[in-house]
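Participant: Below is a structure I'd like to ask you about.
The values are calculated or read from the model by the stated rules, or taken from the named source; none is laboratory data. Keep in mind the model is a prediction, meaning the values are calculated, not measured. As a convention, Cβ positions derive from the backbone with ideal geometry for all residues, glycine included, and neighbour counts pool all protein chains shown.
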Amino acid sequence: MSYGLKTDLVAEYAAWLTGFLPNDYYERYREYRWDIGLRRAHQNAAFEAGWLQPTWSPAHGGRSLGLAEAMEIRLEAAMRSAPKLPNVAGPGVAAPGIRQFGTAAQIDRLLVPLLRGDEWWALGMSEPEAGSDFAGLRTRAVRDGDMFRVKGRKIWTTQAHQSRWCTLYARTDPDAPKHRGISCLILDLESPGVTIEPIRMASISDETFCEVILDDVEIPADSLLGPVNGGWQVAMSSLNHERQMIWIMNWVEIQRGLSSVRDSQATHDDYASGEVFAELGSLLADAEALRATGYRALNNELAGRPSPEADILKLLGSQTLQRVWELSAAAAGPRSIDDTDLLFERQDALAATIYGGTSEIQRNIIAERLLGLPKG
Amino acid sequence: MDVGLNSGQLALRDSVRDVLRAECPPAIARQAMTDPDRWRTVWKTVVDLGWSELAVPTADRDSSFGRMDLTVVLEECGAALAPVPLLSSVGLAAGLLRLAGPAVDDVLAEIGSGVVAALAVHPPGHRLPAVPMTLQDGRVYGRAVAVPGLPRAELVVTLASSSEGPVAAVVRVGDGVTVHEAECTDPAQPVADVEVDAQPIAIVPVDLDSALATPLVAAAADLVGVAGAALERAIEYAKTRQQFGKPIGAFQGIKHALADNYVALQRARGLTYAAAARLDDPATSVAAGWNAAALAKAAAAEAAVGCGRTAVQVHGALAQTWEHDMHLYLRHAWQGASTLGDSRALYHAVGRRFAGSAA
């Protein structure tokens, strides 16, 4: 497959995006990045135009493109700083899960409002006692006639207070081994018994965490997503989809960070300027390695070969993102202190080694599944 | 342009790997450290199999070996610690001449047929490759240090300054070419300093960045091979060695170090394949080609030294012994890491170019 080649399709996408964006988008990106109205309009327009999920059918916001073409579109979107999805958990994680595991009725009712951004989604995974040990979750769902009764507590549930739906992971078989007793239920967050408490974030953020308390909530049995006690597969498959996207997001943020180092006055004028060059070169290598590895993994996937190298993308991308903003701060000198955009970038980058599976869990996955080392 | 290996390259990799597994276990590298002629039988196999012909690019792309094929073969030779001058002669010396045109056709044909050449591009006191020689009145003279494979070479390829800009020059080892051999980090791949005051057999003007790009990628491929092999050995040992009642690979202290090694390896391999693909693509600019090659070499050296060091740590006291293979990997990695620019110097050079480029 091509590598960084500009195809007609990419040109068509770029023209579409340019036509959508306000004329001063790039000059005023610092403001527009927080503009939820613009970001909502962009998602809806991308759905209409078939750029939202390029590999899916036109009915679901796509153009039935191949994986390689879709990656070119995603990279182009990232390079052009296309407005971020306001509720990335929806199209990024919930939608592929619904599409893969949902019943015809679920797909029919839920997918289009999700993809248009009319209904937002939260991921009900983490609990106070189940973070990295996701399979250790304690929220209970007990079958009662044609419904499940649910009791429990979810936490770090991003944007739950703004969402209509939640993919809720709950224990349906307490006697099975812990991975095999979990089910995924589609929870209407307007249901009686659901209490949502937003949690104040350490940084400026429009991805606010919530605590979700479930007190005897009734969920219709036909809201089960995937097989009963098959929630682990639903979660892994949904997160895997997310992991394939994350590196592209990381990659473009890294590019922005590298440019900020290059454009910093002190990089050129200060006597210590040369100090940043070696780290800058190393980060350029990381960024290029992410892209090359993403392409290699895709090539292998297209050829029907295993693509073990894909498992480094999350770990390498998130670590590089943190290093690049630390270098940016060093290169700015004391000017970094009153730069609240930089503060946001540094805080935001800290989340990257935590969400979607911490770096420690990523290392365990690499060591145990790829290198074949025994479980501890 | 492809960033990964195609099925032909995967088949080439497997056939090279099979030959080396059968004919060149790491014990051969250990023997070559003390027996100065041990490399010759392995080299004969390499030449008989046609691997040295990778030196010769031809106009017909379908039948020629691209840099990706060279990368595949060099990676396997690195993994096997094969004590042959394939990297130094075909990867580095012929690599520098790859774009030099018809003036060096005969030289490349000679190297392709198995005549060993060496690349002299380290002036004394330089970390990055540069121009060590001067061309004046039809003679090349000057001094270069740490020339890989020179003790086995019949030809020396070097860079010289001239009144008309830099040239690549080729001299024959003999009168006017003095080889100063000394002990080195990896005696299985001996290096030597060289003093030249001789009439070249070929001279051709070159652009330094584009001339050095292929040797940098070749060096990277060799080191990616070493990194992968050292990591494999460490993993094998971590699975079997028991302490506190379980395999040491079950402990996160070991597990995470090896996972980080794997990331470093794949980072380097991705950069190396991407750089080879870029250099094979005529649309690539000289600056982009050099950057890609320099980053690949820097990353590959980091991966090789990093994997080698972790592998020694994982093997514990065992790895401190002559009989154990681990020091062979690390010697090869350390020596390769200092050739054509250490990682920090290369990163620094790429970072400085990036910072100096227009926004």
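Participant: Whether any residue in region B:286-303 is within 17 Å of the chain's Cα centre (by Cα), surrounded by 21 or more Cβ atoms within 10 Å (Cβ to Cβ) and over 21 Å from residue A:281 (Cβ atoms) is what I want to check.
Facilitator: No, the conditions are met nowhere in region B:286-303.
Participant: A further question on this structure: If a residue must be buried (at least 17 other Cβ atoms within 10 Å of the Cβ) and in contact (Cβ under 8 Å) with a residue 24 or more places away in the chain, how many such residues does region A:294-313 contain?
Facilitator: Residues meeting the conditions: 8.
Participant: For region A:1-99, which helices (runs of 4 or more DSSP H) that fit wholly inside it have 2 or more residues that are touching a residue at least 60 places away in the same chain (Cβ under 8 Å) and surrounded by fewer than 18 Cβ atoms within 10 Å (Cβ to Cβ)?
Facilitator: On the way: elements: A:8-20, A:29-32, A:36-49, A:67-79.
Answer list for region A:1-99: A:8-20, A:36-49, A:67-79.
Participant: Moving to a separate point now. Might you check whether a residue that is within 7 Å of chain B (Cβ to nearest Cβ), β-branched (Val, Ile, Thr) and within 20 Å of residue B:270 (Cβ to Cβ) occurs anywhere in region A:295-316?
Facilitator: yes
Participant: Touching a residue at least 40 places away in the same chain (Cβ under 8 Å) and away from every other protein chain (no Cβ under 14 Å), is that true of residue B:336?
Facilitator: Criteria met by residue B:336.
Participant: Do we find a residue being more than 8 Å from chain A (Cβ to nearest Cβ), more than 24 Å from residue A:295 (Cα to Cα), free of Cβ contacts under 8 Å to residues at least 40 places away in the same chain and among the aromatic types (Phe, Trp, Tyr) anywhere in region B:237-247?
Facilitator: yes
Participant: Which number in (1) away from chain A (no Cβ under 11 Å); (2) in contact (Cβ under 8 Å) with a residue 40 or more places away in the chain marks the one condition that residue B:257 misses?
Facilitator: With (1) away from chain A (no Cβ under 11 Å); (2) in contact (Cβ under 8 Å) with a residue 40 or more places away in the chain applied to residue B:257, the lone miss is (1).
Participant: Tell me whether region B:294-312 contains one or more residues that are within 11 Å of chain A (Cβ to nearest Cβ) and free of Cβ contacts under 8 Å to residues at least 24 places away in the same chain.
Facilitator: Among the residues of region B:294-312, not one is within 11 Å of chain A (Cβ to nearest Cβ) and free of Cβ contacts under 8 Å to residues at least 24 places away in the same chain, which makes the answer no.
Participant: In addition: Take the residues in region A:205-225 that are farther than 30 Å from residue A:276 by Cα and of a type in the set (Gly, Ala, Ser), then tell me which one is nearest to the other protein chains (Cβ to nearest Cβ).
Facilitator: In the first step, residues of region A:205-225 are kept if they are farther than 30 Å from residue A:276 by Cα; the result is A:206-225.
Now narrow it down to the ones that are of a type in the set (Gly, Ala, Ser): A:221, A:223.
Details: A:221: 41, A:223: 38 Å.
The extreme case among them is A:223.
Participant: So which helices (runs of 4 or more DSSP H) stay within region A:218-307 end to end and still have 2 or more residues that are aliphatic (A, V, I, L, M) and at pLDDT 90 or above?
Facilitator: Numbers: elements: A:231-263, A:265-269, A:275-302.
Correct list: A:231-263, A:275-302.
Participant: Mind checking whether some residue in region A:226-247 is in contact with a Gly (Cβ under 7 Å, 6 or more places away or on another chain), within 14 Å of chain B (Cβ to nearest Cβ), buried (at least 19 other Cβ atoms within 10 Å of the Cβ) and touching a residue at least 24 places away in the same chain (Cβ under 8 Å)?
Facilitator: So far as region A:226-247 goes, yes, one or more of its residues are in contact with a Gly (Cβ under 7 Å, 6 or more places away or on another chain), within 14 Å of chain B (Cβ to nearest Cβ), buried (at least 19 other Cβ atoms within 10 Å of the Cβ) and touching a residue at least 24 places away in the same chain (Cβ under 8 Å).
Participant: Mind listing just one residue for me: the one in region B:177-208 that is assigned to a loop (DSSP other than H, G, I, E, B) and free of Cβ contacts under 8 Å to residues at least 24 places away in the same chain and, of those, farthest from residue B:159 (Cα to Cα)?
Facilitator: B:183
Participant: Now a separate question. In region B:314-341, how many residues are within 17 Å of residue B:88 (Cα to Cα) and either surrounded by fewer than 16 Cβ atoms within 10 Å (Cβ to Cβ) or not aromatic (Phe, Trp, Tyr) (or both)?
Facilitator: Qualifying residue count for the region: 10.
Participant: Quick one: which of A:327, A:321 is in contact (Cβ under 8 Å) with a residue 60 or more places away in the chain, crowded, with 18+ Cβ neighbours inside 10 Å, outside the structural domain of residue A:205 (by TED's automatic domain parsing) and more than 16 Å from the chain's Cα centre (by Cα)?
Facilitator: Exactly one residue qualifies, and that residue is A:327.
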